Amino acid sequence: MADLTTGRGRKCPETLGGNSAVYLINYIEDPFTVSATTNEATAINVGITEVFKYTLDNDGNTLTQPTVGDKQTGTRVNTQTLTLTLTEMTVADSAEFNLLAAGCAIAVVRTRNNKYIACGITDGMSWTIESATGGSQADFNGYTVTGTARENKLAPYLDAATIVALEALV
């Protein structure tokens, strides 16, 4: 059982929805040191030597995280779903996305408010890649990339030092 520790006041409408980038990391055990009390990532694993950045220029790039607690089973599951819409199909992207679908990469999402959120930190994410080109000239041509992970808690935010360390690996 968990007891609440604080409330939340009214927030001014000063934020933006959406995401501006995603950083993919090949799976590694314990990619971040996460505080048990604040759910903030305070360090990046020194075994991470490469991070792959994808800039998100359009709308339709979403992260949702419903968390369901079940009194009957005593469990709590947070399902993290990251959906990316990446325009223009290319040979290089096709090859890279085949690798992504075969692996279980971890994702860090940078929101339009410059918050960094780490997804799939326990077991990585499962990835689905859909390439599509529409029937008319104005239709979408590109990839819809979906990553899903099941965790015990909401995805942690990265602290300032961890953001700097992540960006240095791009």
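Annotations
- In terms of overall dimensions, the stretch 1-40 has a Cα radius of gyration and Dmax of 16.1, 39 angstrom.
- Taking the chain and dividing mean pair separation by its residue count, relative contact order in percent (alpha carbons under 8 Å, at least six apart): 28
- Antiparallel bridge percentage (DSSP; both residues within the stretch 28-170; nearest 5): 95
- Here the sum of -39500 (n - 2.57) over DSSP H runs of 4 or more residues, divided by the residues of the chain, equals -3500 deg cm²/dmol at 222 nm, to the nearest 500.
- Restriction of the GluC sites (Glu not before Pro) in the stretch 12-53 to DSSP coil positions whose beta-carbon has at most 10 other beta-carbons within 10 angstrom yields Glu14, Glu29, Glu50.
- Once exposed loop trypsin sites (Lys or Arg not before Pro) are cut out (DSSP; at most 10 other Cβ, 10 Å), longest piece of the chain: 72-170
- Bridgeable aspartates and glutamates around Lys71 (alpha carbons under 18 Å apart, same-chain partners fewer than 8 residues away excluded): Asp3, Glu151.
- The Kirkwood hydrodynamic radius of the stretch 11-76, based on inverse pair distances between different Cα atoms, is 15.6 Å.
- Residue-by-residue Karplus 3J(HN,Hα) for the stretch 74-82, coefficients 6.51, -1.76, 1.60, Hz, glycine and proline x: x, 10, 9, 10, 10, 9, 9, 10, 10
- Gyration tensor (alpha-carbon) shape descriptor, the stretch 63-141, a/c threshold 1.5: prolate
- Degrees separating the helix 91-102 axis from the principal Cα axis of the chain, which is the longest one: 40
- The radius of gyration of the Cα set in the stretch 27-170, together with its Dmax, comes out at 16.3, 52 angstrom.
Where a number appears in this text, it was derived from the coordinates with a stated rule and is not lab data. The model shown is predicted, which means the values in this text are computed figures rather than measured ones. Quick reminder, even Gly has a Cβ in these numbers, built from the backbone with ideal geometry, and neighbours come from all protein chains shown.
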